[in-house]
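Peer 1: A single structure is presented below for examination.
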Amino acid sequence: MTEHETQPTAERDRMPREAGENSARQDAPQQDASRQGAPPQDTPQQDAPPQDASQHDARQEDGAQVSTDSAPPGIPDAAIPELVIISGMSGAGRSTAAKCLEDLGWFVVDNLPPALIPTMVELGARSQGNVARIAVVVDVRGRRFFDNLRDSLADLDTRGVTRRVVFLESSDDALVRRFESVRRPHPLQGDGRIVDGIAAERELLRELRGDADLVIDTSSLNVHELRAKMDAQFAGEEEPELRATVMSFGFKYGLPVDADLVVDMRFLPNPHWVPELRPFTGLNEEVAAYVFNQPGAKEFLDRYAELLQLIAAGYRREGKRYVTIAVGCTGGKHRSVAMSEKLAARLAAEGVETVVVHRDMGRE
């Protein structure tokens, strides 16, 4: 007896029917596709494209979809910005310290609720290096928000964020004098006196002061001395930058209100009275050549550039980071424009970040 003959009759009868059903099911997609105008499915199908590696893997457990990617999103280690938290007594110079860091290129946020500090750091980390240093000013003006500061500092520690706390301190006498000089109440004095507000603030900040990395007593410091201390701590080995704006203008339109230094080019002959130069400006090579071929023009440029070196060094010592140099002539079109361009080039060659603005050119 053959092996086929040993199979039960019912099983032998079922096998042809199942084979026919399978064949019918295989043909059905082709028939449906042909009815819909799609090509038949008898050609080999292309392999499915691999899933994006960024997509979370998932698996089925007991009918539920469970993600296998359990790692929480974090801050990229290489992009974590440097963080400084500025706090301290009201009236002790927090705003001055913050402005100093801002002048040094820090991204400064004033009166940020402490609970948002980790979020601010994460945003800086995802800025692709555009925000590499963040300074946050926190103080009792946040009232109840200030209570979250310790939790935020602990959160930063768990994320591996390196942070420094700068605390501005001052004596009661100095703080009272400062508040009285500006005729403003202390934020915590309420219906009491200034000294009551100072005492309440000291109690609130006692623990933070003990944890501070840098405490600066400003009782006997002026604004320039405080800036010098901040520069010494945060400017590094590099000398703080000085940014200059060289602005040409016309005296007949008035002096620039934001000018720190003003020079007058009207001692040079005016190209306006040369018919072939009148339509042009100091940006034109022929006009610039005419201006600097006049007696005293080149000597003025050389000596004034030397004078600016001396002034710039003094500005840096005094904590001044921005200077506007106004160069004027009658209409602000020829002489002042040509001199401003040359002077700005000299400053840029000496490492001063310089911007040129021609206020009145084209105004006539």
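Residues checked against (1) open to solvent by less than 60 Å² (accessible area, probe 1.4 Å); (2) touching a residue at least 24 places away in the same chain (Cβ under 8 Å); (3) not aromatic (Phe, Trp, Tyr):
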site	(1), (2), (3)
VAL165	yes, yes, yes
ARG178	no, yes, yes
ILE198	yes, yes, yes
LEU221	yes, yes, yes
ALA244	yes, yes, yes
MET247	yes, yes, yes
VAL257	no, no, yes
LEU268	yes, yes, yes
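Peer 1: While we're looking at this one, here's another question. Being in a strand (DSSP E or B) and open to solvent by less than 10 Å² (accessible area, probe 1.4 Å) is the filter here, so list the residues in the range 324-336 that pass it. Let's see the steps before the verdict.
Peer 2: From the range 324-336, those in a strand (DSSP E or B) are 324-329; that's our starting set.
Hits for the range 324-336 are ILE325, ALA326, VAL327, GLY328, CYS329.
Peer 1: Give the range 180-196 a look and list any residue that's open to solvent by 80 Å² or more (accessible area, probe 1.4 Å) and more than 14 Å from VAL140 (Cβ to Cβ), or say none. Break it down into steps so the answer makes sense when it comes.
Peer 2: Step one: filter the range 180-196 for residues open to solvent by 80 Å² or more (accessible area, probe 1.4 Å), giving 180-185, 191, 193.
Across the range 180-196, the qualifying residues are GLU180, SER181, VAL182, ARG183, ARG184, ASP191, ARG193.
Peer 1: Report, by residue number, each residue of the range 121-137 that is open to solvent by less than 70 Å² (accessible area, probe 1.4 Å), at pLDDT below 90 and aliphatic (A, V, I, L, M). If you could, list the steps in order and put the result at the bottom.
Peer 2: Narrowing the range 121-137 to residues open to solvent by less than 70 Å² (accessible area, probe 1.4 Å): 121-122, 124-125, 127, 129, 131-132, 134-137.
With the extra rule that they be at pLDDT below 90, the set shrinks to 121-122, 124-125, 127, 129, 131-132.
Across the range 121-137, the qualifying residues are VAL121, ALA125, VAL131, ALA132.
Peer 1: Follow-up. Could you go through the range 232-241 and let me know if any residue there is out of contact with any helix residue (DSSP H, G or I) (no Cβ under 7 Å at 6 or more places or on another chain) and open to solvent by less than 40 Å² (accessible area, probe 1.4 Å).
Peer 2: Going residue by residue through the range 232-241, those that are out of contact with any helix residue (DSSP H, G or I) (no Cβ under 7 Å at 6 or more places or on another chain) are 232-233, 235-238, 241.
Still in the list and also open to solvent by less than 40 Å² (accessible area, probe 1.4 Å): 235.
Yes, the range 232-241 contains at least one residue that is out of contact with any helix residue (DSSP H, G or I) (no Cβ under 7 Å at 6 or more places or on another chain) and open to solvent by less than 40 Å² (accessible area, probe 1.4 Å).
Peer 1: Which pairs turn up if I take residues in the range 140-161 that are modelled with pLDDT under 80 and assigned to a helix (DSSP H, G or I) and look for partners that are open to solvent by 20 Å² or more (accessible area, probe 1.4 Å) and among the polar types (S, T, N, Q) with beta carbon separation below 7 Å, at least 6 apart in sequence or on another chain?
Peer 2: ARG141/ASN111; GLY142/ASN111
Peer 1: Return yes when VAL140 is within 24 Å of ASP157 (Cβ to Cβ), open to solvent by less than 60 Å² (accessible area, probe 1.4 Å) and over 17 Å from the mean Cα position of the chain (by Cα) and no when it is not.
Peer 2: Values: within 24 Å of ASP157 (Cβ to Cβ): yes; open to solvent by less than 60 Å² (accessible area, probe 1.4 Å): yes; over 17 Å from the mean Cα position of the chain (by Cα): yes.
Taking the combined requirement at face value, the residue satisfies it.
Peer 1: Kindly provide the set of residues from the range 322-340 that are touching a helix residue (DSSP H, G or I) at 6+ places or on another chain (Cβ under 7 Å) and not hydrophobic (A, V, I, L, M, F, W, C), ordered by number.
Peer 2: Residues satisfying the conditions are GLY328, THR330, GLY331, GLY332, HIS334, ARG335.
Peer 1: Give me the pairs: first residue in the range 75-104 and modelled with pLDDT under 90, second residue among the basic types (Lys, Arg) and assigned to a strand (DSSP E or B), beta-carbon distance under 7 Å, and six or more apart or on different chains, which are they?
Peer 2: Taking only residues 6 or more apart or on different chains, the pairs are PRO81/ARG133; GLU82/ARG133.
Peer 1: Of all residues in the range 92-112, count the ones that are assigned to a loop (DSSP other than H, G, I, E, B) and open to solvent by less than 40 Å² (accessible area, probe 1.4 Å).
Peer 2: The initial filter retains those residues of the range 92-112 that are assigned to a loop (DSSP other than H, G, I, E, B), namely 92-93, 104-106, 111-112.
Restricting the remaining residues to those that are open to solvent by less than 40 Å² (accessible area, probe 1.4 Å) gives 92-93, 104, 106, 112.
Number satisfying all stated conditions: 5.
Peer 1: Give all pairs with beta carbons closer than 8 Å in which a residue from the range 277-300 that is under 10 Å from ALA338 (Cα atoms) and in a helix (DSSP H, G or I) meets a residue that is of a type in the set (Lys, Arg) and open to solvent by less than 30 Å² (accessible area, probe 1.4 Å); count only pairs at least 6 apart in sequence or on separate chains.
Peer 2: VAL291/ARG335
The values are calculated or read from the model by the stated rules, or taken from the named source; none is laboratory data. In this text, all values refer to a predicted model and were calculated from it rather than measured experimentally. Cβ: placed from backbone, ideal geometry, glycine included. Neighbour counts: every protein chain shown. Please note that ligands, DNA and RNA were not included when accessible areas were found on the heavy atoms of the full protein model with its side chains. Shrake-Rupley method; radii C 1.70, N 1.55, O 1.52, S 1.80 Å.
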